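Here's the structure, in C-alpha cells; my notes come after.
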Amino acid sequence: MKAHTAYLWMNTSERYEIVNITDKVENELKKSGIKEGLCLVNAMHITASVFINDNERGLHKDYLKWLEKLAPYSKDGYNHNLTGEDNGDAHLKRTVMGREVVVAITNGKLDFGPWERIFYGEFDGLRKKRVLIKIIGE
Ligand code: ZN
C-alpha cells in the first residue's frame with residue numbers, strides 16, 4: 001500500500017467563503033500515483049469545513065444565507081464568545097457543514113457522481129488555515 005500526504009494552506013480574503021479545491025486534490029492524486037484507493041480531505045481547523053456538492057454560485061450563496069439564519073454572527077450571542085473570541089457562530093456553521101470528505105479512487109481518478117466537487121467552507125477567515133489530504137491505496 002502507498003500513502004500520500006499533503007497540506008493545503010488556505011487564507012480567504014472574506015470572513016465567510018466557499019472555495020472549490022477539487023483541482024488541488026486532483027493534483028495531489030496525480031502526484032501520489034495511486035490508481036485504486038481512498039482520498040480523505042479534511043479541514044484542520046474547527047471553524048472551517050470540507051464538503052462535497054455542486055459547483056454552482058447561487059447554491060454557494062444559498063449555503064451562506066442558510067447558515068447565517070441557523071447561526072447568525074453575534075459578538076455577545078454565544079457562550080463561546082465569553083472566552084473573548086467572536087467566532088461562536090463559525091464553530092456551529094462548521095459542525096453543520098462537516099469536517100471531512102472521503103472520495104473513492106478508481107483508475108487513478110476521484111470517482112465522483114456527475115456534479116460532485118470538493119469545497120472548502122470558511123466561516124472565520126482572513127487568516128491562514130490548513131486542509132489535510134491523505135491518499136492511500138496502490
Ligand atoms: Zn472559537
Note to self: Let me check I've understood the local charge: for Val19, count other residues with C-beta under 12 angstrom from its C-beta, Lys and Arg +1, Asp and Glu -1. What total comes out?
What the structure shows: -1
Item checked: Within region 112-133: backbone nitrogen closer than 11 Å to the Glu56 label point (7 Å, Cα to C-beta) -> 115
Note to self: Below 15 angstrom from the Cβ of Thr83, what's the summed charge of the other residues (Lys, Arg +1; Asp, Glu -1)?
What the structure shows: -4
Item checked: Residues of type lysines that Lys134 reaches as a straight line, Cα spacing below 22 Å, ignoring anything fewer than 8 places off in the same chain -> Lys2, Lys24, Lys30, Lys31, Lys35, Lys109
Check: Taking a label point 7 Å from the Cα of Glu36 along the Cα→Cβ vector, which residues of region 97-117 have an amide N closer than 14 Å to it?
Finding: 105-109
Note to self: Give the residue list of chymotrypsin sites (Phe, Trp or Tyr not before Pro) in region 96-133 that are DSSP loop and have at most 14 other beta-carbon atoms within 10 angstrom.
What the structure shows: Phe112, Trp115
Next item on the list: Could you tell me the distance between the Cα centroids of region 83-138 and region 1-67, to the nearest Å?
Entry: 5
Next item on the list: Please find, in a Gaussian network model of the chain (springs between Cα atoms separated by less than 10 Å), the residue of Ser13, Ser49, Ser32 whose mean-square fluctuation is greatest.
Entry: Ser13
Next item on the list: Relative to the longest principal axis of the C-alpha atoms of the chain, give the angle of the C-alpha long axis of helix 57-70, reported between 0 and 90° and rounded to the nearest 10°.
Entry: 40
Next item on the list: Go ahead and set up a Gaussian network model of the chain, Cα springs under 10 Å, then flag whichever of Asn55, Asn87, Asn107 fluctuates most.
Entry: Asn107
Item checked: Candidates Val25, Val50, Val103, ranked by Gaussian network fluctuation over the chain, Cα under 10 Å, top entry -> Val103
Note to self: Out of the trypsin sites (Lys or Arg not before Pro) in region 86-137, which ones are loop residues according to DSSP with at most 16 other C-beta atoms within 10 Å?
What the structure shows: Arg99, Arg127, Lys128
Margin query: Using only the Cα atoms of the chain, what semi-axes does the equivalent ellipsoid have when each is the square root of 5 times a gyration tensor eigenvalue? Give whole Å, largest first.
Written below: 30, 16, 11
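No value in this document is a laboratory result; all are computed from the given coordinates. On a predicted model such as this, the values are computed, not experimentally measured, just so you know. Cβ: placed from backbone, ideal geometry, glycine included. Neighbour counts: every protein chain shown.
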